[in-house]
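Working notes, beginning with the structure itself.
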């Protein structure tokens, strides 16, 4: 299953900041794959959940300074 976000989620990756565009459910035995549009050049990259961090979300008190 693929879930496309109504509002892209700001994230921090090892390649720099970006926005999650959509996520593909990997099912029971595979990792979910997050499709991220990078801020630096608009390139599209794919990451596992352990490779990205939410940049900021005041509701959950997440304030990432990276």
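Computed from the coordinates by the stated procedures, all read-outs in this text should not be read as laboratory data. Since the structure is predicted, the reported quantities are computational estimates derived from the model, not experimental observations.
Residue 30 to residue 14: extension gain in nm, 0.36 nm per residue of separation minus the Cα-Cα distance?
Length gained between residue 30 and residue 14: 3.6 nm.
For the range 1-57, what's the relative contact order in percent, using C-alpha pairs closer than 8 Å and at least 6 residues apart?
33
Extension gain residue 39-residue 6, at 0.36 nm per residue separation less the Cα-Cα distance, in nm?
The span from residue 39 to residue 6 would gain 10.1 nm if fully extended.
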